[in-house]
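Heads up, the thing below is written out as structure tokens.
Quick note: the coordinates plus some simple rules give every number you see, no bench work behind them. Note that the structure is predicted; figures quoted are calculated from it, not measured. Neighbour counts are summed over all protein chains in view; Cβ atoms, including those assigned to glycine, are modelled from backbone coordinates with ideal geometry.
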Amino acid sequence: AQSVTQLGSHVSVSEGALVLLRCNYSSSVPPYLFWYVQYPNQGLQLLLKYTTGATLVKGINGFEAEFKKSETSFHLTKPSAHMSDAAEYFCAVSDASNFGNEKLTFGTGTRLTIIP
Amino acid sequence: GAVVSQHPSWVICKSGTSVKIECRSLDFQATTMFWYRQFPKQSLMLMATSNEGSKATYEQGVEKDKFLINHASLTLSTLTVTSAHPEDSSFYICSAINSAGIYEQFFGPGTRLTVL
């Protein structure tokens, strides 16, 4: 079984400040890890993903995340927040060994607010 | 590329009626599609996995007879909420995996269902 824990349901940062959204996972098999962003009344957009290889992955809109196996973490960061970053962010995990049936398990989400 | 559409984007219906939601992959073929349900300010909960040409696989606790899923072609899956009741009101999101894809689900924009 897999699970995802996102610490902090709400995070507020000032415009221009560092964004850090935390995600820890639990998986009995090598995981694939994802971060998605959701704007109000819209579907999910993939920000970035880790499958194999380099543990620091870069995504769209200046976001990046680092896979740390020893800490079972996949925290999302952005050096400088923009107003347009205000949204709901979801961390998700899938079973890398289950090719063709990649069910995603989502965390509960973190609402990011940007303070002008 | 990799666009997934949903129709309708929102629907209001009376209690006891049935509602059909379509999920289409517009520019790729999807042997596997997923249906999620999202309550306000909560995470996505997987309802079922839809496989082209075969019966859907439902998650534990999801009523098969209540939520009928049909995946008749490589670009279309439908979710029918039968005899809808107010508690079925929710945001329904589908996703699709490119048949030639690599561990990424592409999400539709969602359908908001309100049952009066």
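Per residue of segment A:46-53, what does 6.51 cos²θ - 1.76 cosθ + 1.60 with θ = phi - 60° give for ³J(HN,Hα)? Whole Hz please, x for Gly and Pro, Karplus curve as stated.
Running phi through 6.51 cos²θ - 1.76 cosθ + 1.60 with θ = phi - 60° gives 6, 8, 6, 8, 10, 10, 9, x Hz.
When A:Met83, B:Met33 are ordered from fewest to most other Cβ atoms inside 10 Å of their Cβ, what list results?
Numbers: A:Met83 9, B:Met33 30.
Going from sparsest to densest Cβ surroundings: A:Met83, B:Met33.
Do any cysteines of chain B lack a neighbour Cys whose Cβ is under 4.7 Å away, and which are they?
Unpaired cysteines in chain B: B:Cys13.
Would you kindly state how much longer the chain becomes between A:Ile115 and A:Glu64 on full extension, computed as 0.36 nm times their sequence separation minus their alpha carbon distance, in nm to one decimal?
Values: separation 51, 0.36 × 51 = 18.36 nm, distance 2.10 nm.
Gain on extension, A:Ile115 to A:Glu64, equals 16.3 nm.
When Lys and Arg each count +1 and Asp and Glu each count -1, what net charge do the other residues less than 14 Å away from A:Glu102, Cβ to Cβ, add up to?
0
List the GluC sites (Glu not before Pro) within segment B:29-116 that DSSP assigns to loop and that have no more than 15 neighbouring Cβ atoms inside 10 Å.
Working: sites: B:Glu52, B:Glu59, B:Glu63, B:Glu87, B:Glu104; in loops: B:Glu52, B:Glu59, B:Glu63, B:Glu104.
Loop-located and lightly packed - B:Glu59, B:Glu63.
If each of B:Lys66 and B:Ser15 carries a label point 7 Å out from its Cα toward its Cβ, how far apart are those two points in nm?
1.5 nm
Provide the FRET efficiency to the nearest 0.05 for the A:Thr77-B:His7 pair, computing r from the beta carbons and using R0 = 45 Å.
0.75
Using Cα springs under 10 Å in a Gaussian network model of chain B, which residue among B:Gly16, B:Gly61, B:Gly53 shows the largest mean-square fluctuation?
It is B:Gly61.
Give the aspartates and glutamates whose C-alpha is closer than 16 Å to that of A:Lys49, dropping any in the same chain fewer than 8 places away, or say none.
A:Glu64, A:Glu66, A:Asp95, A:Glu102, B:Glu104
What are the ³J(HN,Hα) couplings of segment B:23-32, residue after residue, when phi is run through the Karplus curve with 6.51, -1.76, 1.60 and θ = phi - 60°? Round to Hz, x for glycine and proline.
Ordered by residue, 3J(HN,Hα) equals 10, 10, 8, 7, 10, 7, 9, 10, 6, 10 Hz.
Express as a percent, rounded to the nearest 5, the fraction of DSSP beta bridges in the protein assembly as shown (both residues included) that run antiparallel. Before the final figure, lay out each step's value.
Values: 72 of 81 bridges.
If we restrict to bridges inside the protein assembly as shown, about 90 percent are antiparallel.
How large is ³J(HN,Hα), in whole Hz, for each residue of segment A:24-39 in order, when computed from phi with the Karplus curve 6.51 cos²θ - 1.76 cosθ + 1.60 and θ = phi - 60°, using x for Gly and Pro?
After applying 6.51 cos²θ - 1.76 cosθ + 1.60, I find 10, 10, 10, 7, 8, 10, x, x, 9, 10, 9, 10, 10, 10, 10, 8 Hz.
Once a ≥ b ≥ c are taken as the square roots of the eigenvalues of the Cα gyration tensor of segment A:16-116, is the result rounded (a/c under 1.5), prolate (a/b larger than b/c) or oblate (a/b not larger than b/c)?
It comes out prolate by the Cα gyration axes.
Cross-link list A:Lys68/B:Lys64; A:Lys58/B:Lys20; A:Lys103/B:Lys41; A:Lys69/B:Lys20: which exceed 32 angstrom alpha carbon to alpha carbon?
A:Lys68/B:Lys64; A:Lys58/B:Lys20; A:Lys69/B:Lys20
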